[in-house]
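In what follows, a single structure is set out as structure tokens and then discussed.
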Amino acid sequence: MVDKVLRIALVPSYSFAGENFGDGSLYATALILMEYFKKCIASTKYTSVDYFFEMKPAEVTNDDLVCYMLANQNRSIVAKKAPGQAIGGSGSTFYSKVDSAVISEIYIDTTAGDGNRYKLVANIIFHELMHNRLDAGPTIWLNVHNVVNGVLTTSKPITSYMDMSAADAAAMRRGLTHPRKQYTGGM
Ligand SMILES: [Zn+2]
């Protein structure tokens, strides 16, 4: 069997000191995401999962996932690409028709002060990456806000108390079978 790595590109675009979320925090968040995604890649074409903080735009394929980590909503790439588009409280995912690509982003300031901030950031990223593959146009495979037994698949605010459920993993697994062009303009 040929090795196929699911590559998660996290793009930290904020001041580490200003947001009090630096290298160690990013690493802790990435490890939680790895635990989640290891459970999601079963029975997919992916044989392993890895994370990257400095992937180059030219390296990104439709089989990868990209999430921008922005300081706050004012830095939203989605808002710039789609003026008037309502953005989410802690993150947004949007299909840019101009780019024919999906943009996933989270706002790191909204997680400040949480008792388990690494987990909260990981949970928000995971939620946005489910939108990325499942219901941010052009094709809707599954409504991420309406999944039976979903925990991170919810329309409720994401918290650090939430843990990926089997239903969440199944949803992401389904998403992983649908490659989607990732927006690389902010990398
Ligand atoms: Zn959502």
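The values are calculated or read from the model by the stated rules, or taken from the named source; none is laboratory data. Only a predicted model underlies this, so the values are computations on that prediction, with no experimental measurement involved. Every residue, glycine as well, gets a Cβ built from its backbone with ideal geometry; the counts of neighbours run over all protein chains shown.
When only residues in region 148-187 that are modelled with pLDDT of 95 or more and among the charged types (D, E, K, R) count, which is farthest from the ligand (Cβ to nearest atom)? If we take residues in region 148-187 being modelled with pLDDT of 95 or more and among the charged types (D, E, K, R), then Lys181 is farthest from the ligand (Cβ to nearest atom). Of the residues making up region 108-157, those that are among the hydrophobic types (A, V, I, L, M, F, W, C), over 14 Å from Ala171 (Cβ atoms) and not in a loop (DSSP other than H, G, I, E, B) number 6. Of all residues in region 114-130, those that are without any contact (Cβ under 8 Å) to a residue 60 or more places away in the chain and more than 15 Å from the ligand (Cβ to nearest atom) total 3.
When you check Val66 against the structure, is it surrounded by 15 or more Cβ atoms within 10 Å (Cβ to Cβ) and within 15 Å of the ligand (Cβ to nearest atom), yes or no?
Details: surrounded by 15 or more Cβ atoms within 10 Å (Cβ to Cβ): yes; within 15 Å of the ligand (Cβ to nearest atom): no.
So Val66 does not fit the description; no.
Looking only at residues that are in a helix (DSSP H, G or I) and of a type in the set (S, T, N, Q) in region 16-53, which one is surrounded by the fewest Cβ atoms within 10 Å (Cβ to Cβ)?
If we take residues in region 16-53 being in a helix (DSSP H, G or I) and of a type in the set (S, T, N, Q), then Ser25 is surrounded by the fewest Cβ atoms within 10 Å (Cβ to Cβ).
In the set (1) over 24 Å from Asp64 (Cβ atoms); (2) surrounded by fewer than 15 Cβ atoms within 10 Å (Cβ to Cβ), the condition left unmet by Lys97 is number (1). Filtered by the rule that a residue be part of a loop (DSSP other than H, G, I, E, B) and either at positive phi or without any contact (Cβ under 8 Å) to a residue 60 or more places away in the chain (or both), region 62-83 gives Ala71, Asn72, Ser76, Ala82, Pro83. Contact map, region 143-155: residues that are more than 11 Å from His131 (Cβ to Cβ) and polar (S, T, N, Q) paired with residues that are at pLDDT below 95 and within 8 Å of the ligand (Cβ to nearest atom), Cβ distance under 8 Å, separation 6+ or inter-chain. Pairs shown: Asn146/Ser155. Only one of (1) among the basic types (Lys, Arg); (2) within 14 Å of the ligand (Cβ to nearest atom); (3) surrounded by fewer than 18 Cβ atoms within 10 Å (Cβ to Cβ); (4) in contact (Cβ under 8 Å) with a residue 24 or more places away in the chain fails for Arg133. Which number is that? In the conditions (1) among the basic types (Lys, Arg); (2) within 14 Å of the ligand (Cβ to nearest atom); (3) surrounded by fewer than 18 Cβ atoms within 10 Å (Cβ to Cβ); (4) in contact (Cβ under 8 Å) with a residue 24 or more places away in the chain, Arg133 misses (3) alone.
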